[in-house]
1. Averaging sequence separations of C-alpha pairs under 8 Å and six or more residues apart, then dividing by the length of the chain, give the relative contact order as a whole percent.
2. By a straight-distance test (C-alpha under 18 Å), which lysines pair with Lys125 as possible cross-link partners, with residues fewer than eight away in the same chain excluded?
3. Taking the Cα centre of the chain as the origin, how large is its charge dipole in debye, to the nearest 20, when only Lys and Arg (+1) and Asp and Glu (-1) carry charge on their Cβ atoms?
4. Taking the alpha-carbon centroid of each part, what is the distance from segment 35-114 to segment 217-234 in angstrom?
5. Compare the Cα positions of Ser154, Gly173, Ser106 along the charge dipole of segment 62-216 (+1 at Cβ of Lys, Arg; -1 at Cβ of Asp, Glu; about the Cα centre) and return the one farthest towards the positive end.
6. I need the helices of the chain that pass two filters: whole DSSP H segments spanning 18 Å or more by Cα along the axis, and mean Kyte-Doolittle score no lower than -0.5.
7. Quick check on segment 239-365: take the gyration tensor over C-alpha atoms, sort the square-rooted eigenvalues as a ≥ b ≥ c, and tell me if it's rounded (a/c under 1.5), prolate or oblate.
8. Where the only charges are on Cβ atoms (+1 Lys, Arg; -1 Asp, Glu), what is the dipole of segment 1-86 about its Cα centre, to the nearest 20 debye?
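Each value in this text was obtained by applying a stated rule to the coordinates, not by laboratory testing. Just so it is clear, the model here is predicted, and its values are computed rather than measured. Neighbour counts run over all protein chains shown; Cβ positions are idealised from the backbone, glycine included.
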Amino acid sequence: MIIEPRMRGFICLTAHPDGCAQNVKNQIEYVKSKGAIDGPKKVLVIGASTGFGLASRIAAAYGSDASTIGVFFEKAPSEGKTASPGWYNSAAFEKEAHAAGLYAKSINGDAFSKEIKEKTIELIKADLGQVDLIIYSLASPVRKHPDTEVLHRSTLKPIGGTYTNKTVDFHTGNVTEISIEPATEEDIANTVAVMGGEDWAMWIDALKAENLLADGATTVAYSYIGPALTEPVYRKGTIGRAKDDLEATAFKISDKLKDIDGKAYVSVNKALVTQASSAIPVIPLYISLLYKVMKAEGVHEGTIEQIQRLYAERLYTGNSIPVDEKGRIRIDDWEMREDIQAKVAELWKEATTETLPAIGDLPGYRSDFLSLFGFEIDKVDYQKDAQEVVEIEGLVN
């Protein structure tokens, strides 16, 4: 079938298998071009199919020849209906990994559930024995608690007052003002339940109880801080509360891993175009301005550049891992440079529907967004019939 992007708001309803495959190949080639990293050898990535999780899997496999197990929750394809992009990404990664002689298997299901944790534990026992790196990169808006069976839904709201600021519809380029009503205590609690550290700790507890963590094992979860202008809706809003909880959990996990000389870290990453960030008011406008400035300065990075640098220059240098005053790894250092933030703040004041084409990089934003779904990727013929039904070679049923 000929597959074209079909949009509904902040979501693309279709994905292109060939485009997703080429996107994965491009990331693999980037990692290979940067040289070997003396890094992990047996890696579990929870949330492995898109964004930072996918990049983490690729960087481990092709930077350090690591065996990888990926856990994700993706929609399979059927005749006449495309899969979710993460399905095609994972299929492409496994095909490439197996061709390169690398171990790679995947589990598709709800990572919050006891069932998927148990299935993952059995796979590690059978195939790897232990893991030495666990990446936690879930980005689900909903979590069914495995003990209470309560369904928690995260919200994106400010705390303490209504937040009003500019935003952009990245499809049309229209800059408008948006107001977001403040969160209730229930909103905050639900968001922490979904996006905080509880499930990360549950994963590590479950793995440790079965002696599946190698001596010196490292676990990393991903976070974001961002600039003052997005603070009310992000870092000081409901999601910020969840990120605070995630960061506090890193210390609790590290305490539990002392006997195996293990450590938990939160890596604060750069603002990037993801399905999640595209739905956050204010963020698309901020990113389009940020991209313009960072590209002009020659310090722009995508997900794979971020994660390759995280592995090569933070996690696996052979020296102690540099952290900030709150114990976090900062790979958002280029984004948060004072000169870059000062330029973005100035551009923000000027941003209107009329000025944005000149002062922002909305075409870059749109292109990055579509590439998440396998569209607008170089070397892909979108006029050619694509095979929508693609299997994941190492999927464990």
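1. That works out to 24 percent.
2. Cross-link targets: Lys41, Lys42, Lys105, Lys114, Lys117, Lys208.
3. With Lys and Arg at +1 and Asp and Glu at -1, about 140 debye.
4. 23
5. Gly173
6. Those that clear 18 Å and a mean of -0.5 are 51-64, 283-297.
7. Prolate, since a/c reaches 1.5 and a/b exceeds b/c.
8. 140
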